[in-house]
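A quick write-up on the structure given underneath.
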Amino acid sequence: MTTTAAAPKAGRPEPTQRRRRSKLTLRNTLLGWSFILPNFVGFALLTLVPVITLFYMSLTNWNIFGTANWVGLANFERLLGDGSFRISFVNTLYYAALHIPLTIIASLGLALLLNNKLRGVAFFRTAAFFPYITSIVAIAVVWNLLFSPEYGPINEILRAVGIANPPGWLTSSEWAMPAVVIVSTWRDMGYYMILFLAGLQTVPRELYEAARMDGANAWERFVNVTLPCLRPTMFFVTVMLTINSFKIFDLILVMTEGGPGQSTLVISQFIYRKGFEENQFGYASAAAVALFFLCIFVTIIQFFWNKRRNV
């Protein structure tokens with residue numbers, strides 16, 4: 001009586017084939033992690049760990065020379081009753097409310113102008129982008145001279161056109177924030193112009209030709225063709241502008257240091273003062289967490305608003 005080896009069941013791979021597939025899967029997994037791991041390690045050490053530490057510090061009373069004492073939500077309760085923090089919160093919203101629409105209008109206008117085939121258009125694009133990569137300190141020094149109430153060229157021009165009492169700009173609590181917004185818009189519009197230019201170059205030319213054949217003028221083509229096609233770019237620009245407006249710090253620190261008084265004090269500078277000038281790192285961390293959730297909250301609203309518009 002002879003016996004025969006049992007044939008492998010249909011549809012089930014042999015052990016050798018299974019091992020080969022397992023080795024291939026392991027190899028692909030290790031290869032993928034070899035690409036991801038360096039970036040993930042950098043993200044973990046430079047971003048994730050500091051953020052987790054920030055949340056922990058916000059619940060403590062800590063300065064750099066002592067130990068961190070757990071206080072729970074006391075720092076956040078203190079923020080609610082802190083008049084300086086409320087002023088910085090209002091000033092941040094005021095700055096964002098001026099800076100965001102002005103920068104969008106200026107950058108989109110530049111993009112529409114420089115999207116045409118003009119002689120020397122590459123030079124003008126570079127010139128518009130150049131302020132964005134210029135040193136903040138250099139920008140602040142030059143614009144402080146331009147805004148000088150007595151000898152600045154801006155007020156000299158205003159007097160020449162018949163304005164007897166021009167604004168005090170950076171020395172006035174009413175005009176200091178608009179002056180900062182003007183400088184910030186001038187600096188940022190070149191960067192967002194590049195983003196709008198990229199969006200404009202994806203708009204099909206056939207749509208413009210069809211609109212012309214239907215008798216649409218330049219404004220109607222802009223409203224009915226350009227803006228709808230720029231909706232994804234507009235959404236991205238708005239989100240980035242909102243986050244950067246809430247985080248404004250360096251320009252105000254160099255130009256006004258939060259003054260006159262507290263007229264240009266923003267949340268980022270409030271955090272800087274409490275942490276690095278007054279050595280209240282736990283309290284400064286609580287303010288940073290509040291700024292973080294403010295950015296998250298506004299961004300979520302923008303995402304839902306954009307989603308509803310696209311439905």
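Of note:
- Scanning region 115-150 for residues that are within 20 Å of Gly168 (Cβ to Cβ) and of a type in the set (Gly, Ala, Ser), we see that the one that is most open to solvent (accessible area, probe 1.4 Å) is Ser148.
- Checking region 299-307 against the condition returns no match, with no residue being part of a loop (DSSP other than H, G, I, E, B) and at pLDDT below 90.
- Any chance Leu195 is in a helix (DSSP H, G or I) and either closer than 26 Å to Phe249 by Cβ or touching a residue at least 24 places away in the same chain (Cβ under 8 Å) (or both): yes
- Every residue from region 290-311 that is aliphatic (A, V, I, L, M) and either under 17 Å from Ser84 (Cβ atoms) or out of contact with any Ser or Thr (no Cβ under 8 Å at 6 or more places or on another chain) (or both): Ala290, Leu291, Leu294, Ile296, Ile300, Ile301, Val311
- For region 22-59, the set of residues classified as over 22 Å from the mean Cα position of the chain (by Cα) and within 22 Å of Gln280 (Cα to Cα) consists of Thr53, Tyr56, Met57, Ser58, Leu59, listed by residue number.
- If you go through region 53-90 and pick out every residue that is outside any helix (DSSP H, G or I), of a type in the set (Phe, Trp, Tyr) and in contact (Cβ under 8 Å) with a residue 40 or more places away in the chain, you end up with 2.
- The set of residues in region 293-311 that are within 28 Å of Tyr272 (Cα to Cα) and without any contact (Cβ under 8 Å) to a residue 40 or more places away in the chain comprises Phe293, Ile296, Phe297, Ile300, Ile301.
- When restricted to residues that are out of contact with any Leu (no Cβ under 9 Å at 6 or more places or on another chain) and open to solvent by 60 Å² or more (accessible area, probe 1.4 Å), region 64-80 contains 7.
- Unique residue being part of a helix (DSSP H, G or I) and surrounded by fewer than 18 Cβ atoms within 10 Å (Cβ to Cβ) when the list is Leu93, Leu110: Leu93
- Some residue of region 181-199 being out of contact with any Ser or Thr (no Cβ under 7 Å at 6 or more places or on another chain), closer than 30 Å to Asp82 by Cα and open to solvent by 10 Å² or more (accessible area, probe 1.4 Å): yes
- Check on Tyr272, open to solvent by 50 Å² or more (accessible area, probe 1.4 Å), within 20 Å of Leu59 (Cα to Cα) and part of a helix (DSSP H, G or I): yes
- Criterion (under 20 Å from Leu251 (Cβ atoms) and among the aliphatic types (A, V, I, L, M)) met by exactly one of Leu98, Leu118, Leu112: Leu98
- The set of residues in region 98-107 being open to solvent by less than 70 Å² (accessible area, probe 1.4 Å) and either within 16 Å of the chain's Cα centre (by Cα) or of a type in the set (Val, Ile, Thr) (or both) consists of Leu98, His99, Ile100, Pro101, Thr103, Ile104, Ser107.
- The set of residues in region 153-196 that are farther than 21 Å from Ser263 by Cβ and of a type in the set (Gly, Ala, Ser) comprises Ala160, Gly162, Ala164, Gly190.
- Apart from one condition, Arg231 fits all of (1) open to solvent by 60 Å² or more (accessible area, probe 1.4 Å); (2) at pLDDT 90 or above; (3) under 29 Å from Phe85 (Cα atoms); the exception is (3).
The values are calculated or read from the model by the stated rules, or taken from the named source; none is laboratory data. Quantities reported herein were computed from a predicted structural model and do not represent experimental measurements. Ideal geometry is used to build each Cβ from the backbone, glycine not excepted, and the neighbour counts take in all protein chains shown. In case anyone asks, the SASA skips ligands and DNA or RNA and just uses the protein heavy atoms, side chains included. Shrake-Rupley method; radii C 1.70, N 1.55, O 1.52, S 1.80 Å.
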